[in-house]
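Here's the structure, in structure tokens; my notes come after.
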Ligand code: SF4
């Protein structure tokens, strides 16, 4: 099989059974260029837990009237977190937070108190502070952005991210996304496209097990591939599994099967085999099974933090880096640290001088 898969080929992989699965796993090995498995040592900073969406699987968003909610972190708090992360040798400042939080009055009031008008002004300033006052490199993942906002964020982020999750409009009718206007796939594909036009190194991915069909998984992977081929900005594709957690709206929703994860990782690997795009599987969502995905072509564990929890999956702690190394080596691979931005983008075609200088301190 070549790496130029069409929808039918992908569906064949997603429906594979028995020894076919083993054969496909062996196929992925042919495309491996080395035995390195990467991760990025980061700190995860949730600037706000307020979000305009309400996804059925969300365990991150908090209501504005929740006394525990992070409405908007103070700059000084963020700087203290970043300084602590520096002490742990972290290189990536991952700013992940709810989308369009400034639609809520309580966030507007905080922004005004801190001297900002819009969330985007605050985020740009936080990223600038990170570059000015720390050695960490910003990577922002804050939902959909307009072309103009992305243009501003590009100047202060080495890379950015937004999960496509799924390209099907049908999911907007299901519990996963029926209260989440920001999960409209057209909007998300437009954000990812604009990032490509602006030459922003970009991370995206799909979320499986939220009510999609296999056809829709195939179409989602192909939609990402199309943008990747057009703009060359997709550095990694995350294959993430839905994990039910008590208390979320979809707590009784069935998890995707282990084999479905295997099939989807294989499909992603073979689809992107000609593109120098990494396939990432979050190790904390696959505690006992993570190693097998390395045998299906996954070559990246994503961000792993020695200092902060995975706020989006708060019940799934990251493995320690020692543990990650052990399980990677046990599977026959070598664990190696990467930056949030992949090597091939570290040049003036993609990044400005300030970012290149900041990155050079880590090389
Ligand atoms: S999953 Fe993300 S977009 Fe959806 S409600 Fe939670 S924070 Fe918002």
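What the table below lists for this structure:
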quantity	calculated
Answer residue from segment 181-204, given it is surrounded by fewer than 21 Cβ atoms within 10 Å (Cβ to Cβ) and within 14 Å of residue 151 (Cβ to Cβ) and is farthest from the ligand (Cβ to nearest atom) among those	199
Extreme residue, farthest from residue 100 (Cα to Cα), among residues of segment 63-79 that are touching a residue at least 24 places away in the same chain (Cβ under 8 Å) and surrounded by 13 or more Cβ atoms within 10 Å (Cβ to Cβ)	79
Segment 89-105 - residue that is within 16 Å of the ligand (Cβ to nearest atom) and part of a helix (DSSP H, G or I) and, of those, farthest from residue 46 (Cα to Cα)	103
Selection count where residues are part of a helix (DSSP H, G or I) and either without any contact (Cβ under 8 Å) to a residue 12 or more places away in the chain or out of contact with any strand residue (DSSP E or B) (no Cβ under 6 Å at 6 or more places or on another chain) (or both), scope segment 325-340	5
Members of segment 146-174 found to be surrounded by fewer than 22 Cβ atoms within 10 Å (Cβ to Cβ), within 22 Å of residue 47 (Cβ to Cβ) and within 16 Å of the ligand (Cβ to nearest atom), listed by number	163
Where a residue in segment 185-198 is without any contact (Cβ under 8 Å) to a residue 40 or more places away in the chain and its partner, wherever it lies, is part of a helix (DSSP H, G or I) and surrounded by fewer than 17 Cβ atoms within 10 Å (Cβ to Cβ), with Cβ under 7 Å and at least six apart	185/169; 196/230
Scope segment 30-55; condition farther than 26 Å from residue 82 by Cα and near the ligand (Cβ under 10 Å from one of its atoms); matching residues	52, 53, 54, 55
Of residues in segment 21-35 being in contact with a helix residue (DSSP H, G or I) (Cβ under 8 Å, 6 or more places away or on another chain) and in a helix (DSSP H, G or I), the one surrounded by the fewest Cβ atoms within 10 Å (Cβ to Cβ)	21
Among residues of segment 56-88, those that are within 15 Å of the ligand (Cβ to nearest atom) and either in contact with a strand residue (DSSP E or B) (Cβ under 9 Å, 6 or more places away or on another chain) or part of a strand (DSSP E or B) (or both), counted	2
Criterion: part of a helix (DSSP H, G or I) and in contact (Cβ under 8 Å) with a residue 12 or more places away in the chain - qualifying residue of 297, 247, 268, 303	268
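Yes/no matrix, rows are residues, columns are (1) under 18 Å from residue 203 (Cα atoms); (2) surrounded by 24 or more Cβ atoms within 10 Å (Cβ to Cβ):
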| position | (1), (2) |
| --- | --- |
| 263 | no, yes |
| 269 | yes, yes |
| 274 | yes, no |
| 281 | yes, yes |
| 290 | no, no |
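Readers should treat all values here as calculations from the given coordinates under stated rules, not as data from a laboratory. Everything numeric in this text was worked out from a predicted model, so none of it was measured. Virtual Cβ from ideal backbone geometry, glycine too; neighbours counted across all protein chains shown.
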